[in-house]
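The values are calculated or read from the model by the stated rules, or taken from the named source; none is laboratory data. Predicted model, so just to flag it, every value in this text is computed and none were measured. Here the Cβ positions follow ideal geometry from the backbone for every residue, glycine too, while neighbour counts run over all protein chains shown.
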Amino acid sequence: MIWRAEWLKFRTVRGWMFGAAAAVLIVVALGVLAATSVTMSCMDGTHEVDCPAPPTDSAGRSVADKFTFVHRALDGDGSITARVGGLDGTITYPPPDHDEIVRGVVPWAKAGLMVKDGTEPGADYAAVMVTGSHGVRMQSGFTRDRAAVPGREAWLRLTRQGDEITGDVSADGAAWQRIETVRLDGLPATVQIGLFVTSPNGMTVEENPQGGHAVAARWTQATAQFSQVSPAGGWTESLVGYSDYRTTWEQAHPPGHTETGGVITVAGAGEIGIDSENGLAVERVLTGVFAGLLPLIVVAVLCGTAEFRHRMIRTTLAAMPRPVRVSVAKAGVVGVVSLLAGLVAVAVTLPVASRMLRANAVVVLAVSWPTMLRIALGTALLLSLAGVLAYGVGALLRRAVPAVVAVTALLLAPPILAVTSVLPPDVGTWLLRLTPGAAFAIQQSVAAYPQLSRPQTVADGYFPLPPWAGLAVLALWALAAVAAATWRLRRSPA
Amino acid sequence: MTTIEVNGLRKRFGSSAALDGMTFVVRPGHVTGFVGPNGAGKSTTLRMIVGLDRPDAGTATIGGRRYAELPCPMRHAGALLDPHALHPARSGRDHLRWLARSQDLPDTRVDAVLALAGLTAAGRRTAGGYSLGMRQRLGVAAALLGDPPVLLLDEPFNGLDPAGIVWMRGLLRDLAADGRSVLVSSHLMSELQDMAGHVVVAGHGRVVADAGVDELIGAYTSLEAAYLELTAGVGGIR
């Protein structure tokens, strides 16, 4: 009865229904606007072309998967062992003067052994490797990364047993140390096993004194020597993920492999990992949520303050003398209305804007369906919890203007200030851990991974908390606000 | 037949005692006037009867139960305490509809009390544009929504035009004649003299007289004269 009464109260104030509808329209309109205003074009050698979509992994995520692979088929279980070292390479035009091509290895250059489900970019893999300056590691599935021992030279072994791939490392080829065992589900009976080398772009980050930073990237190549490979022989070379185009420097130093006296030298350039650069992050079409939240906050605050402004709370409590249940029902009605507004806004914006982006030949970074669902439902939940928070603050303060200002400052200001680098990075990071604004982490489609060389700070759009933890921060704030408002209502009703 | 029993209500606001042992009983079948100077504790008493204020001591019950314990309280007691306590953007009819939802009453009751209050046409408009008289009518409609055996009305004649006053007088008489307990606080002694069967006179937060109207008229010639005599020197504002 209380719920039905509070729902009727909400829907019979025309301005509140308009406010909720305005929130939906703003999210949709700004999403469509964002979709129409983006253009993207790429160079294939010297031709301008529509950007190719990056490959996707078995989970459906856009990934970078480019390396030189010297491999052969492995039927059933088996292993490969090699001594990997001699990591060397080339960095084009590095700082400070950017005027010469120098010898060198970038920190995340990788050389090692790999098991892969074929040679198509995006296929499942597991690998052990030495790196430029991050030691020996085992990586798999484009995001999994496990550090082992330091060093640029090592004996490495990779073993397949059923769906399990095990990596081992040794200093002398005699005493072995297990790195880890990973499962690659659904791996076929025959896989490709062999040697690989790749080298990501060299990155330098220039801090801008006004906030933010500029990232400069340059092409690099790595070479490595593999000796005492066992079992040996029967190699095929695949340039996984390479385009046909070669720079003039690459024409003279092509990727590939050579074998002399039992030592195989492999040269390669590229990256193996999640791709966040060669396309638009899908949540970008949902940036209208920031603006759409404004009318929603105002409506939710007014739901909390109107009862006091018009002394209607006396009528309400005379009809329903249960302040706790009234307060919970009001918060619930605001939460459900905001949730529905969020669901409609997301359900329209995501497909419409995605279709428009595709029509404009804009690449949208692919995400796995659980991630897509999390972004869609999470955004609707964000609107819902924002509504509950605004109601709670309104009912607690009992004054509309201070409540709207407080909620806007807590929820919307931190992410905007942090991402636009108005705040120092440390301050921005802490605000996005502690304030309700942490909830915008729920929209982040690509997480930060330390094994990627590009900067992934708050200013780059990476939130410090995991998605659901960020939303939980908002939920706690909303709960606290409603609890405080309920306490105040019980203590002094009017 | 349901009575209102107010028993030893006490309440202090800071250093001053708003209620100091307020005790009386409202019986069904006639209108009971509740009179007293400003600050005598009338509104506080009415608020306590419907649970909007907590007494420091004492009880107020309706048919033997505290208002807040009643499952659908507006079916047991209807109150008009503050005619302005409504949202200006909501129509009068929608104001009654949410109240009806809260008491599990059908919308047919809403239309019945709107008609009774003469607001059938005005009920479609937003309440923000209502005059004080219309707000009083809407407040009475809300009080009658649950067809309760007990009615509490705080200054119901305020803002009514002459036709409204006549309507209200007739309505209150009819409600009492139905066997309801009707408690009306008012400063209009002549109105009460024509209408009320019983009067409770409050002063300094307690009852200074509790008698039949005929009895008081017999002793003092008019209700007004009785009131002025009884409340002399008990000005409510100290």
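Tabulated results
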| read-out | value |
| --- | --- |
| Qualifying residue in region A:36-59 (condition: assigned to a helix (DSSP H, G or I), away from every other protein chain (no Cβ under 14 Å) and touching a residue at least 12 places away in the same chain (Cβ under 8 Å)) | yes |
| Failed item in (1) more than 17 Å from A:GLN443 (Cβ to Cβ); (2) at pLDDT 95 or above, with A:PRO370 passing the rest | (1) |
| Test: residue in region A:353-371 that is assigned to a helix (DSSP H, G or I) and crowded, with 22+ Cβ neighbours inside 10 Å | yes |
| Residue within region A:376-394 that is among the hydroxyl-bearing types (Ser, Thr, Tyr), surrounded by fewer than 24 Cβ atoms within 10 Å (Cβ to Cβ) and on the phi < 0 side of the Ramachandran plot present | no |
| Any hit, region B:78-93, residues being within 30 Å of B:ASN7 (Cβ to Cβ), hydroxyl-bearing (Ser, Thr, Tyr), in contact with a Ser or Thr (Cβ under 9 Å, 6 or more places away or on another chain) and within 13 Å of chain A (Cβ to nearest Cβ) | no |
| Test: residue in region B:118-126 that is in contact with a strand residue (DSSP E or B) (Cβ under 8 Å, 6 or more places away or on another chain) and at the interface with chain A (Cβ under 8 Å from one of its Cβ atoms) | no |
| Those residues of region A:131-166 which are part of a strand (DSSP E or B) and among the aliphatic types (A, V, I, L, M), in sequence order | A:VAL136, A:MET138, A:ALA147, A:ALA154, A:LEU156, A:LEU158, A:ILE165 |
| Test result for A:VAL266, touching a Phe, Trp or Tyr at 6+ places or on another chain (Cβ under 7 Å) and either surrounded by fewer than 19 Cβ atoms within 10 Å (Cβ to Cβ) or within 14 Å of chain B (Cβ to nearest Cβ) (or both) | no |
| Filtered residues of region A:119-149 (kept if over 27 Å from the mean Cα position of the chain (by Cα) and modelled with pLDDT of 95 or more) | none |
| Count of region A:270-314 residues which are farther than 18 Å from A:GLY387 by Cα, in contact (Cβ under 8 Å) with a residue 12 or more places away in the chain and within 12 Å of chain B (Cβ to nearest Cβ) | 5 |
| Residue list for region A:7-24, restricted to those being crowded, with 17+ Cβ neighbours inside 10 Å and either more than 14 Å from every other protein chain (Cβ to nearest Cβ) or touching a Cys at 6+ places or on another chain (Cβ under 9 Å) (or both) | A:LYS9, A:PHE10, A:VAL13, A:TRP16, A:ALA20, A:ALA22, A:ALA23, A:VAL24 |
| Qualifying positions in region A:457-494 - touching a residue at least 24 places away in the same chain (Cβ under 8 Å), in a loop (DSSP other than H, G, I, E, B) and of a type in the set (S, T, N, Q) | A:THR457 |
| Some residue of region B:141-156 being among the charged types (D, E, K, R), more than 13 Å from every other protein chain (Cβ to nearest Cβ), more than 20 Å from the chain's Cα centre (by Cα) and buried (at least 16 other Cβ atoms within 10 Å of the Cβ) | no |
| Conditions (1) facing another protein chain (nearest Cβ under 9 Å); (2) in contact (Cβ under 8 Å) with a residue 24 or more places away in the chain; number of the one not met by A:ALA318 | (2) |
| Selected residue (criterion: surrounded by the fewest Cβ atoms within 10 Å (Cβ to Cβ)) from residues of region B:32-45 that are in contact with a Lys or Arg (Cβ under 7 Å, 6 or more places away or on another chain) and within 22 Å of B:ARG66 (Cα to Cα) | B:THR44 |
| Residue in region B:191-200 that is among the polar types (S, T, N, Q) and surrounded by 18 or more Cβ atoms within 10 Å (Cβ to Cβ) present | yes |
| Residues that are within 17 Å of B:ALA77 (Cβ to Cβ) and surrounded by 22 or more Cβ atoms within 10 Å (Cβ to Cβ), drawn from region B:1-23 | B:ILE4, B:VAL6, B:LEU9 |
| Odd one out for A:ALA329 among (1) surrounded by fewer than 16 Cβ atoms within 10 Å (Cβ to Cβ); (2) within 14 Å of another protein chain (Cβ to nearest Cβ); (3) at pLDDT 95 or above | (1) |
| Test: A:GLU250 is surrounded by fewer than 18 Cβ atoms within 10 Å (Cβ to Cβ), of a type in the set (D, E, K, R) and modelled with pLDDT under 95 | yes |
| Matching entry among B:VAL184, B:VAL166 (being modelled with pLDDT under 95, more than 13 Å from chain A (Cβ to nearest Cβ) and out of contact with any Lys or Arg (no Cβ under 8 Å at 6 or more places or on another chain)) | B:VAL166 |
| Unique match (being touching a strand residue (DSSP E or B) at 6+ places or on another chain (Cβ under 7 Å) and either under 30 Å from A:ALA64 (Cβ atoms) or of a type in the set (A, V, I, L, M) (or both)) among A:VAL473, A:VAL446 | A:VAL446 |
| Helices (runs of 4 or more DSSP H) (entirely within region B:155-238) containing at least 3 residues that are among the small types (Gly, Ala, Ser) | B:162-177 |
